Structure formats: structure tokens, C-alpha cells
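Since the structure comes first, as C-alpha cells, the remarks are kept for the end.
The values are calculated or read from the model by the stated rules, or taken from the named source; none is laboratory data. This structure is a prediction, so every number in the text was calculated from the model and none was measured. Note that each Cβ is placed from the backbone with ideal geometry, even for glycine, and that neighbours are counted across all protein chains shown.
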Amino acid sequence: MKFKKTAAIAAVLLPTLLLASCGGSAGENAGGEQGRSLTIGMLGDVTSWASEDAHVGHGLVPMQAPYDSLLRRDAQGELQPMLATDWSYDEARTALTLELRDDVTFSDGVAFDAEAVKANLEHFKDDALRQASQLAALDSVEVVDSDTVVLHLSEPDPALELNLSQAAGLMASPEAVGTAEADTVPVGSGPYVMEVESTVAGSRIVFTARDDYWAPELQQYDRVEFRVLEDVSARLNALQSGQVDATILDATTYDQAAGAGFEILEDYQTDWNGFTLFDRDGELNPALADVRVRQAINYAVDREALVEQIERGHGTATTQPFGPESGAYVDELDDRYPHDPERARELLAEAGYPDGVTLTVTMLPGWDGMQAAIRQQLSEAGITLTSEPVQFANMFGDIAQKKYEALHFNLFQSEAWVNVQQLLVENTLYNPFGSTDPELTGLIDELQSLSSGEQADAVAQQINEFVVENAWFVPLYRLDQVIAFDAERVEVVKQPQQAFPSLYNFAPAA
């Protein structure tokens, strides 16, 4: 049994696995003997290429090179056919029928069909590490014929169609599913195949275009390269030296990149930075069981100051965990907890802590400056912030084992049900202590029964209001994604609710 089967399920976005790149010969997009190439890269390596280990956000993009998904989300956020040409629910929304393409093969020559879909989905449900919640409602997969499958659900899942465009929808060759080799060499039906002889684990991953790929309009390049380049200054240097077509920077390098003439995608916010207060029943920290203490923490932080100090103004202060595009967003909730240390002290005293409380939160490498600023703010309200250094590789397993009372992290803001499913329901990764409330449970059940529209949005907004009022989180700000690229080489379109543009959103410059 591989470790990934026993590790904790990580449900959400990896904002720390930010895409960047430093590759050789990135400037071949205009054509030539070697053809058009794209050089991207990653702040962190892809630890497994097995389709069931795929993630969302930054972690999904490299997987789009070797794998197709059942559905595809376009640059406007709309679902489009991919390996599935049509799909429809029954009246109860517990059976989703997919009609499949009949002209696709995997890179090992095996035909894509309904049996391949069944093998992939069943394996994902049983063995997925990070995104198992995407198929939590899947009960069984029925093969009707070679190009038709029915996904039977134990209960409605408003996010299932979206999930089939994400990690859960990636299709690997049935000959590769579950094998040890899939961890290092992906075998999919996607536009590119891994060039194994040029790929170096932890350094560079090279893909070349498949011949006769079924969707050539999605295959914009002859060669795509990803490289691991963890330091933001090194990523900026690579962009400036012409080794990189596009990369993700941060607020500290924004002005330098813009001043050098590189394009930066504007109005691109997908993640919020802040605390998730896991221990809402006070198992590790009894003070956190009192809503007044959690509210006091929210009043104690100066969000506007953090946006200016940490993000150089490239962000938006907020006190809600749902974003403007989610359907759950409530404008006035962005100001629910104005900076008010005195009110924070009053709430602590009312809760029986006139001398203050201590809050222990995780601290990833490189986040010490940010936490120092937050520590100073909290201290003015009588709250002592203790930082608990963690390594990203160990964090998700530790969360599932209830080792942390609070998490400091970037979490993405997706559609309402996706965030509810990953942040609020019992036994999900970001609710490890199983916090629940009858009112919230009723709202979640109601939202689950609705597909979309104004009624669903209204319920989602009530859920948002509940978690903000009960201070389950301490959101600080929505940060701007700093995606920089050389417009003379590449055209890039941002992807809604995704922290780095999809691979399909890159094209050679005109």
C-alpha cells in the first residue's frame, strides 16, 4: 500500500504550489526548426503524476498536459464538452449520464471508452489523496454501452459537473490506473506526452505534442516545459533574461516586473489569506470554543494595514471566506469586523479572559514576516500569537490528525457548494474536528438540494453570514495573483476561480 493511500485527504487548493518557470530556450514561440515552445514551471514539484493525485488551482495545470478531462472549463468559467460530448441529470439529480467521444486513444494506444471512465472514477474515489471529496457522493458507475456511462450518486452533488473538469475528471489509460509507474510517467489522452529522457525529477518536466491529437485547437505548442524554481527573485530573473515565457510573482516583485515592460494579468483574485480556526469546540485551546473569543481575534487584526504592508496594496481586505464570484458573497460582510482592539478586549473580558488569550497557528516557510505583523496587531488586543512552524509536505497529514488549533494559509474562493463541501461539512480536511451546528447543517442540506440560480445563491449567502457571524475563520484579504508574461512571446487569458491560468489559456503571440 502506497503512502498516498494512508495520508490525509487534502481538499482544497494549493496556493503555495505556485506556477513559475525557468527553462532553456523559451523564446521559440515564433516558430522555427524546433517549433513553438512554451516554458512555464512550478514553485513546487509535482510529487506524483498519477491522475488520482491531481490537485486544483496551480496543481491542476501541469496535469492538463498529459491528461484530458471529461468536461472542460473555458476561460469564461463555462463548462464545455471534452471527453464527454453531452451530459444530463435525472429529475432527482442523483444520476448523471455522460455521452463519450468514440475517437480518442490514450498515449499507450488503448482506446478511451466507458470502461476506462469506470476504472478511473472508481479508482479516484478509492485512492485519491488530495481531492477525494470531489467524488464523495459517487455511489457507482454504470456502463450502458461503449460510449455511455451513468454516474449514480448517494445524494445530489451540485459541484459534480465542475469536479469532472477538475482532478476527478482526468482520465488515465486503464492500463496505467493504479500502477506504480503512473506516479512518474503519466499515460493519458491529453495533448502532450512526457519526454522522459529530458525530464529530471525535481527540476524540469518536458512534454511534446502528440501526433493526431483529437482536439488540435487545444494543442497550441509543439513543446511545453515546466521547471521547479522556488525563489521568487529567481523567477523574476528568469523572466527578465528570456528563459521564461510566463510565471507567477508576488507583491514584492510586481513593480519591478511591470517596470521592465512585462504584462501582468489584472483583476485576478482567486485566493484569500487568513486563519482557519479549526478548534471551534476547544479540544486543544478551550478559549476557541467561545464565539466571543473568535470574534475578538477578527476585531484585533488591521486588514487594510496588512494589505499595504504585506501585499504592497495588491489585495482587498475582507472578513468573509466566500469570493465575489461564488454566489455566496455578501458585500457588507467584507466590513463585518472593522479594526477595533478595544472591542476585542471587551469581548475577551465578557468571555472570561480579561488577561487575554493565546492563539497558536501554523507558519509555513517564508511567512514569518507576515505573522510578525499580525502578532503585533493581536498583541494590542491582549491576544498572544504563537507560530508553529510546519513543512508543506507534512501539513495535510497533520491537519487530519487534529494537530493544529488554527491554520494560516491561502485558500481559494470557488463556487459556493465547492467551498461548502471543502471547508464546512463534517469530516472534510478543513473541518478536521467536525464542527457543526443544526442551523448550518440545515442550510447546507438545503443548498445541496439546489442546482443553481438565485434561490441557491440566497441559501449560500445565509451560510456565509453564519460562518462570518460565528467567526469560524479570520479572513484577512483577497490577494492579487501576480501572473507576469512576455507579451511578445505569449498570449495569456486568466481562468476564473483558478490561481493560475489553464494550459489551454496560453497561445503563441500573434
Seminar exercise, completed: Screening GLU99, GLU175 for residues that are assigned to a loop (DSSP other than H, G, I, E, B), at pLDDT 95 or above and acidic (Asp, Glu) leaves only GLU175
For this session: Can you run down the residue pairs with Cβ atoms below 7 Å, 6 or more apart or on separate chains, where the first is in segment 140-151 and at pLDDT 95 or above and the partner is acidic (Asp, Glu) and surrounded by 13 or more Cβ atoms within 10 Å (Cβ to Cβ)?
Result: VAL141/GLU122; VAL143/GLU115; SER146/ASP113; ASP147/GLU99; ASP147/ASP113; THR148/GLU99; VAL149/GLU142; VAL150/GLU142
For this session: Would you check if there is a residue in segment 487-494 being touching a helix residue (DSSP H, G or I) at 6+ places or on another chain (Cβ under 6 Å) and not assigned by TED's automatic domain parsing to the domain that holds LEU43?
Result: no
Problem set entry | Matching residues in segment 369-385 - criterion: being of a type in the set (Val, Ile, Thr) and more than 14 Å from GLU342 (Cβ to Cβ) | ILE374, THR384
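Kindly indicate whether VAL228 is surrounded by fewer than 24 Cβ atoms within 10 Å (Cβ to Cβ), within 19 Å of PRO62 (Cβ to Cβ), under 23 Å from the mean Cα position of the chain (by Cα) and among the aliphatic types (A, V, I, L, M).
Judged against the criteria, VAL228 is a match.
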Seminar exercise, completed: Within segment 475-504, residues being farther than 15 Å from GLU266 by Cα and touching a residue at least 24 places away in the same chain (Cβ under 8 Å) number 8
Seminar exercise, completed: Taking segment 300-318 and keeping residues under 28 Å from ALA458 (Cβ atoms) and surrounded by fewer than 23 Cβ atoms within 10 Å (Cβ to Cβ) leaves THR316, ALA317
For this session: Check segment 207-229 and report whether any residue there is of a type in the set (Phe, Trp, Tyr), touching a strand residue (DSSP E or B) at 6+ places or on another chain (Cβ under 8 Å) and in a loop (DSSP other than H, G, I, E, B).
Result: yes
For this session: Residues being exposed (fewer than 13 other Cβ atoms within 10 Å of the Cβ), on the phi < 0 side of the Ramachandran plot and not charged (D, E, K, R): count how many of those fall in segment 192-202.
Result: 3
Problem set entry | Within segment 319-330, considering residues that are surrounded by fewer than 19 Cβ atoms within 10 Å (Cβ to Cβ) and modelled with pLDDT under 95, the one farthest from GLN495 (Cα to Cα) | PRO324
Exercise. Can you tell me how many residues in segment 81-98 are surrounded by 17 or more Cβ atoms within 10 Å (Cβ to Cβ) and closer than 25 Å to SER154 by Cβ?
Worked result: 6
For this session: Output the number of the condition that SER51 fails; it satisfies all remaining conditions of (1) on the phi > 0 side of the Ramachandran plot; (2) in contact with a Leu (Cβ under 6 Å, 6 or more places away or on another chain).
Result: (1)
Problem set entry | The listed residue being more than 20 Å from ALA507 (Cα to Cα) and either of a type in the set (A, V, I, L, M) or touching a residue at least 24 places away in the same chain (Cβ under 8 Å) (or both), out of ARG227, ARG223, ARG210, ARG204 | ARG204
Problem set entry | Subset of segment 138-168 (residues that are within 17 Å of ASP68 (Cα to Cα) and assigned to a loop (DSSP other than H, G, I, E, B)) | ASP147, LEU164, SER165, GLN166
Exercise. What pairs come up if the first residue lies in segment 418-430 and is under 18 Å from SER452 (Cβ atoms), the second is outside any loop (DSSP other than H, G, I, E, B) and of a type in the set (D, E, K, R), and their beta carbons are under 6 Å apart, counting only those six or more places apart or on different chains?
Worked result: none
Seminar exercise, completed: If we ask which residues in segment 104-135 are surrounded by 21 or more Cβ atoms within 10 Å (Cβ to Cβ), of a type in the set (A, V, I, L, M) and assigned to a loop (DSSP other than H, G, I, E, B), their number turns out to be 2
For this session: Report whether or not ASP245 is acidic (Asp, Glu) and closer than 26 Å to MET194 by Cα.
Result: yes
